[in-house]
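The values are calculated or read from the model by the stated rules, or taken from the named source; none is laboratory data. Keep in mind the model is a prediction, meaning the values are calculated, not measured. Reconstructed Cβ throughout: ideal geometry from the backbone, glycine too, with neighbour counts over all protein chains shown.
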Amino acid sequence: MDLWNHINKKTTYEIHFDEDQFVNLAVARLKQGSPISRVQYTTRMASIKQSDGGIIYDAEQGDGTRETVAKAEYDLSKFDILTYLQNETGLTRRIIARILNGAAERVTADFKINPVAYEEYVGDLLNELKENHIAENIVYKMTDEEWDAELFKSEPLRGVVEGDTPNMVSV
């Protein structure tokens, strides 16, 4: 019972989310740059022929020609990074905007390299930072209440094995 008296205390917890600390950490990480690479694509030659039996597709063997886009032209207005990151992270638009503005020059340069990959990278990064920030800022408070030991005492289960399936028990 000594152990039980030691562990039966009820606790509550609070999470202290320090927005400024989180934003500063995220800005610092974004300013370090991203591992995003330029868009690459591979082309292969193939021929398609129409026959009585349908369409015949014949691709050339080999790996094809791989090219890296030196300077891609994107219509950046089609990318709504704020909404994407809000949906991916659960953070408010205000917090996300503070982070992106804090590292604006680097964000803009990396975003232009490969917008889709950059959005995914930043979403993953912010989720990782958020999870760590929350875990580091959980505060437990002991209450005056205690768990009743009766909650953890149980009668043995008794049942009947049913039918052809011996691991099915009716209780």
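Values computed for the structure shown
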read-out	value
Residue count, the stretch 90-106 (criterion: assigned to a helix (DSSP H, G or I) and more than 14 Å from Gln21 (Cα to Cα))	8
Residue list for the stretch 1-30, filter: surrounded by 13 or more Cβ atoms within 10 Å (Cβ to Cβ), out of contact with any His (no Cβ under 8 Å at 6 or more places or on another chain) and at pLDDT 90 or above	Glu19, Val23, Asn24, Ala26, Val27, Arg29, Leu30
Check on Tyr74, exposed (fewer than 10 other Cβ atoms within 10 Å of the Cβ), of a type in the set (Ser, Thr, Tyr) and modelled with pLDDT under 70	no
One residue from Val139, Val116 being under 20 Å from the mean Cα position of the chain (by Cα) and at pLDDT below 95	Val116
Residues of the stretch 36-66 satisfying the condition of being within 30 Å of Lys112 (Cα to Cα) and either modelled with pLDDT under 65 or surrounded by fewer than 10 Cβ atoms within 10 Å (Cβ to Cβ) (or both)	Thr42, Thr43, Asp63, Gly64, Thr65, Arg66
